[in-house]
Amino acid sequence: MVNVQDGYGSSILGYPRIGPHRELKRALEGYWRGGVSRDELLAVGRDIQERQYNGLAATGLTQVPGNTFSFYDHILDNALLFGAVPARFKRYQDELHPLDFYFLMARGRPDLPPLELVRFFGTNYHYRQPELDENTEFSLHPEALLDEWDRAKAGDIELRPVVVGPVSLLLLSKAGHIPGEAGGFDTLSLLDKLLPVYEELFEILAKRGSTCVQLDEPCFTSERTPAELAAFERAYQRLSTSALRPRMLVTGQYGDFGEALRILAETNVEAIGLDLASYRIQPEELAEIPGIRRKRLYAGVISGHNVWRADRYVTLEYLNELAEVCPDLVVSTGTTLLHVPYDVLAEYEIEGNVADRLAFARQKVGEVVSLAKALTEGPSDKWRKRPTEVHFKQKHAVRQRVYAVTPDMRSREPYEVRREAQQRKLNLPPVPATTLGSFPQTDRIRQARYDLGQGKLSYDEYRKKIEAEIEATIRLQEDIGLDVLVHGEHERNDMIQYFAELLDGFATTHFGWVQVYGSRCVRPPIIYGDVSRPAPMSVEWISYAQSLTDKPVKGMVTGPVTMIARSFVRQDQPLFETADQVALAIRDEVVDLERAGISIIQVDEPAIRELLPMRPQGRAEYLRWAVGAFRLATSGVKPETQIHTHIGYSGRTEVVDAIEELDADVTAIVATRSIEWVLKALKEDSASGHGLSHGVGPGVYESRSARIPDIDELDELLTAAAEAVSPERLWANPDGGLKTRHYWQLEPSLRNMVAAARRVRRRATPTE
């Protein structure tokens with residue numbers, strides 16, 4: 001199965017694992033609630049695995065990846081495969097079943113925070129970040145990997161085990177420290193301790209009959225230091241000369257493999273996988289790399305990021321050119337297919353002329369097999385007719401409006417002028433307390449939304465149920481003592497999908513689920529055409545909420561860059577043009593909210609950093625148009641209307657300058673348990689004259705965690721924040737929405753946050 005005998009091979013680098021009908025999600029959540037037994041959960045996992053490798057083998061792929069299934073997160077799986085257990089969890093390891101210990105690390109508990117949740121290379125996926133310290137010892141625990149390999153082999157299918165490469169595993173990990181000792185260290189200092197454990201795994205696989213193992217090194221499609229590249233070279237010089245091992249495939253997913261490609265070409269590594277869908281290296285450039293002709297090239301020409309069918313003629317021509325340089329060639333995906341839905345044929349409401357151009361995971365496997373066959377035998381008769389061009393995507397009015405945008409439409413009055421006008425209108429106290437939008441989605445709201453879709457509820461009946469939930473949320477916030485309220489977003493299943501369903505130019509799916517982390521899944525919308533807003537989208541709900549209280553209620557809108565970052569975007573025009581189209585639609589919504597009497601409007605951009613190019617080239621240009629799109633969306637309102645945004649903080653880089661350039665009146669920062677580092681950075685940035693000069697809300701507790709923060713702890717964090725940005729510009733808020741929390745967690749957490757904010761306020765204004 002793994003060896004390519006004749007012609008050109010075909011493979012993929014990974015596959016979705018939540019189940020075609022989210023079987024794993026339901027089993028996981030049932031297990032966590034106590035309604036599903038451990039044996040039942042394990043059986044669901046085995047069934048997904050077996051259906052996957054049997055199904056992939058039946059498609060005609062010459063190589064099938066293995067060890068791609070996970071009950072929660074594959075990065076955490078790899079950390080445990082090599083025995084990397086943080087010290088704070090070790091004492092629970094012997095007393096818990098391995099599966100429950102795994103979930104303890106992934107989910108935590110009220111007195112023990114989980115591993116930190118970190119976004120994975122600009123995708124929708126998040127991983128649980130392993131924690132390593134000076135005393136970390138590695139050991140091999142390959143039972144799950146070998147069990148799957150043996151089951152597949154019994155069915156005459158040889159899997160190619162997929163493992164995170166040793167250098168990326170260390171770079172993806174968090175540098176911890178021993179309690180009571182000095183702070184962090186370089187995780188790469190553990191490389192020489194880790195490599196022997198990889199060699200141990202290789203020997204076991206080789207003795208079992210495995211002929212190939214896949215090592216993913218995605219960190220090296222980002223800019224890397226000379227020391228990191230040296231560690232990479234040292235690792236693969238050693239691993240490729242191991243005495244007993246399978247052939248090695250090393251992949252560079254999510255971009256340009258850069259210098260790492262040249263390093264690998266000079267080692268004894270047999271095969272290299274390139275993400276040619278993200279970065280299409282020219283054949284003549286590839287030919288100049290010493291040693292590359294001796295390697296098997298896994299040509300990742302089919303994208304694992306988007307849902308558009310490949311142009312098979314252009315792709316086949318490119319593959320033929322590559323084969324002249326690397327005759328030993330396998331047609332492949334550029335990345336794992338984890339980031340796309342399972343099957344477009346399950347969708348029954350997408351327009352035919354859109355659906356015909358889509359390829360989900362199942363269709364992408366078919367593209368890989370078809371291209372490999374055409375490369376070997378020539379294109380079949382089915383390839384004779386090229387698809388015709390269509391123009392249904394273009395709307396003259398939208399394009400004319402984008403062309404008419406002027407620089408004045410991307411600017412507001414100076415911040416100090418706005419600040420005075422807003423203070424006169426809003427009269428907010430120092431350190432106002434608020435949340436970032438969403439409140440828990442209750443079962444009754446989910447049922448109401450489902451019943452509306454099934455026609456069991458009229459819209460008026462549905463509206464009354466949502467209004468009742470909004471009123472309960474407003475009353476709760478008033479009782480807690482928040483200064484700026486939200487309506488709770490009860491009408492929204494997912495913030496991206498909600499707006500996508502109401503905008504022209506977007507298509508949404510019924511079954512296009514993509515795993516975000518654990519059991520959390522989303523259905524990314526598809527931007528296929530010119531974008532416009534037919535009617536107001538949120539004004540009705542937020543106006544109703546504002547009518548219930550004298551306190552300001554924030555309007556809640558998703559920003560243009562986040563809308564495109566969390567969607568599958570059309571590829572027939574530059575991304576900045578699509579961003580401006582979405583920005584104009586959001587601008588209309590923001591202006592309508594202001595006209596309806598909403599004085600504070602939050603335009604969320606948590607994903608603005610996700611589209612940042614992996615390498616320095618192009619970052620300045622990206623930030624220029626991303627900032628421009630946000631300002632286009634938010635600059636149509638009066639000075640007294642306060643614009644908030646919600647964004648990730650990334651240290652003293654050009655991204656911090658971009659946050660300042662967004663010119664939002666208040667920026668709420670995602671910080672999670674790294675809040676101390678963020679506060680230190682804010683203070684140092686301010687002292688150097690490069691800090692954030694507008695309102696700042698550093699998230700003082702992790703919204704995804706079940707842990708309830710203590711008043712004194714929050715007081716300490718807010719006090720440190722006040723020193724960094726001054727009490728007059730400081731806001732108190734959690735670091736994200738509260739949709740996934742229970743009210744028994746949410747209420748005490750917010751009450752403690754309000755109490756801490758009032759302490760800081762009293763110290764800042766002693767006469768109050």
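The values are calculated or read from the model by the stated rules, or taken from the named source; none is laboratory data. Remember, it's a predicted structure, so these values are computed and weren't measured experimentally. All Cβ positions, even for glycine, are placed from backbone atoms using ideal geometry, and neighbour counts span all protein chains on display. Quick note on the areas: whole protein, heavy atoms, side chains included, nothing else; ligands and nucleic acids left out. Shrake-Rupley method; radii C 1.70, N 1.55, O 1.52, S 1.80 Å.
Can you find, among 108, 86, 172, the residue sitting farthest towards the positive end of the charge dipole of the stretch 74-228, where Lys and Arg contribute +1 and Asp and Glu -1 at Cβ? The one lying farthest along the dipole's positive direction is 108.
Given a 1.4 Å probe and the protein chains as shown, residue 591 ends up with an accessible area of around 30 Å². Computed on the Cα atoms alone, the convex hull of the stretch 401-551 gives a volume of 182 cubic angstrom per residue. Looking at the chain, what % of the alpha carbon pairs are farther apart than 44 Å? Result: 26 percent of Cα pairs exceed 44 Å. Spin-label model, residue 93/residue 227: points 7 Å from Cα along the beta carbon direction are separated by 2.7 nm.
Solvent exposure of residue 498, expressed as accessible area, is near 20 Å², computed with a probe of 1.4 Å over the protein chains only.
Just so you know, the Rg over Rh for the stretch 580-623 is 1.15, from Cα atoms, with Rh as the Kirkwood radius.
Extents of the stretch 278-358, taken as max minus min of Cα coordinates on every principal axis and listed largest first, are 51, 24, 18 Å.
Summarised in one figure, the compactness ratio Rg/Rh of the stretch 186-301, Cα atoms and Kirkwood Rh, is 0.96. Remark on the stretch 55-120: Rg and Dmax equal 15.4, 50 Å (Cα only).
Our compactness index for the stretch 544-645, the C-alpha radius of gyration over the empirical 2.2 N^0.38 Å, is 1.17.
Here is the P(r) of the stretch 359-463: all C-alpha pair distances, binned every 10 Å from 0, give 9, 13, 12, 24, 24, 12, 6, 1 in whole percents. Structural size metrics of the stretch 30-175, computed from C-alpha coordinates, are Rg and Dmax of 16.3, 50 Å.
May I ask you to derive the FRET efficiency for residue 411 and residue 551 from their Cβ-Cβ distance with R0 = 25 Å, giving the value to the nearest 0.05?
Working: r = 30 Å, r/R0 = 1.20.
Approximately 0.25, to the nearest 0.05.
Mind giving me the FRET efficiency for residue 751 and residue 150? R0 is 51 Å, r the Cβ-Cβ distance, nearest 0.05 is fine. List each step's numbers first, then the result.
Working: r = 53 Å, r/R0 = 1.05.
Using R0 = 51 Å, I get an efficiency of 0.45.
Applying a DSSP loop filter and a limit of 14 other Cβ atoms within 10 Å to the GluC sites (Glu not before Pro) in the stretch 316-360 leaves 349, 351. A straight Cα-to-Cα reach below 26 Å connects residue 90 with the lysines 174, 193, residues fewer than 8 places away in its own chain not being considered. Computed over the alpha carbons of the stretch 25-74, Rg followed by Dmax gives 13.1, 41 Å.
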